[in-house]
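Participant: Got a structure here, written out as structure tokens. Questions coming.
The values are calculated or read from the model by the stated rules, or taken from the named source; none is laboratory data. These numbers come from a predicted model, not from an experiment. Quick reminder, even Gly has a Cβ in these numbers, built from the backbone with ideal geometry, and neighbours come from all protein chains shown. Protein only, heavy atoms only, side chains kept; ligands, DNA and RNA dropped before computing areas. Shrake-Rupley method; radii C 1.70, N 1.55, O 1.52, S 1.80 Å.
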Amino acid sequence: MESWEFWLAVAIIFVGAGIVKGVVGMGLPTIAMGLLALKMPPLEAATLLLIPSFVTNAWQLATGPSLSNLWRRMWPMLTAIVIVTLASAGLIVGGHAHIAQAALGLSLAIYATLGLLKIHFKVPPAHEPWIGAFMGAATGVVTGATGINVIPAVPYLQSLDLERDDLIQALGLSFTVSTMAMAAGLLHRGVFTHSPWLLGASLFALVAGFIGMFIGQYLRERMSLETFRRVFQIGLLVLGTYLAIEGFAHM
């Protein structure tokens, strides 16, 4: 896994995923996880993603306008994410790589389909605590099984009718908490002990991701955001469908 072809693939994947995040404000872990799964088992891909995912999302979280207000509003969801992700991180650690690959593909395909169809929900404020806790628990299961933390967290947060800057910060908060919980779950199961080279690869991926983000931020002012988002979602749908078919075919 440490040949020059591997490092080149990681660089290309994370620069590309960083460009997506720089343009649309999200998508680095999602697209990187899907592409990495073409080259390695989902467990190794999820581990490699930990550092770039945490740093880029923490940066997004720190630059937002109202962290304390979002925390008070989102704490039931975030608490559920932590508890369930810690409990379910063993799903991706187990020896069922093809099941994890199929689940990852399905998650990507569902996420892309919701985006393409522009399906939006509205959650009444009075019901946010219990619906948020349920969505957080569901996100924890998906994160623990696939390494992807966007389903159903992103559609739920979009349903809260937040202002644009608040939504971006809320996404950063959710992704940061999910990544920290996943990292704790994987560390508890000794992943870095068994594959210490992943730590260096994760740091390398962080640099590539930031390069891509800066390119994406430059491109954002010079292109149609809606067109880019649609191409991104179609690509995710194709990638997710392929991963799901491959995973189910080898079960």
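Participant: Among 141-148, 105-112, what's the highest-first ranking by average C-beta atoms within 10 angstrom per residue?
Facilitator: Per-residue mean Cβ counts within 10 Å order the peptides as 141-148, 105-112.
Participant: Do you know the relative contact order of segment 130-175, to the nearest whole percent, from alpha carbon pairs under 8 angstrom that are 6+ apart?
Facilitator: Across segment 130-175, relative contact order equals 31 percent.
Participant: How big is the convex hull of the Cα atoms of segment 111-187, per residue, in Å³?
Facilitator: So the per-residue hull volume is 85 Å³.
Participant: Where only protein heavy atoms count, and the probe is 1.4 Å, what is the accessible area per residue for the chain in Å²?
Facilitator: Accessible area per residue: 45 Å².
Participant: For the chain, what does -39500 (n - 2.57) per DSSP helix run (n ≥ 4), summed and divided by total residues, give at 222 nm, in deg cm²/dmol to the nearest 500?
Facilitator: -27000 deg cm²/dmol
Participant: Straight-line reach from K118: which aspartates and glutamates have Cα under 17 Å away, leaving out those fewer than 8 places along the same chain?
Facilitator: D161, E226
Participant: Counting other Cβ atoms within 10 Å, keep those with at most 16, restrict to DSSP loop, and tell me which trypsin sites (Lys or Arg not before Pro) in segment 107-192 are left.
Facilitator: Numbers: sites: K118, K122, R164, R189; in loops: K118, K122, R189.
Counting only loop positions with at most 16 other Cβ atoms within 10 Å, the trypsin sites (Lys or Arg not before Pro) in segment 107-192 are K118, K122, R189.
Participant: Now a separate question. Taking every pair of alpha-carbon atoms in segment 103-251, give the share separated by more than 23 Å as a whole percent.
Facilitator: Working: 5403 of 11026 pairs.
Tail of the P(r) past 23 Å holds 49 percent of the pairs.
Participant: While we're on this one: For the chain, which whole-number percentage of the solvent-accessible area (1.4 Å probe, protein heavy atoms only) is attributable to carbon and sulfur atoms?
Facilitator: Answer for the chain: carbon and sulfur cover 70 percent of the accessible area.
Participant: Taking only the alpha carbons of the chain, what extent do you get along each of the three principal axes, in Å, biggest first?
Facilitator: 51, 43, 33
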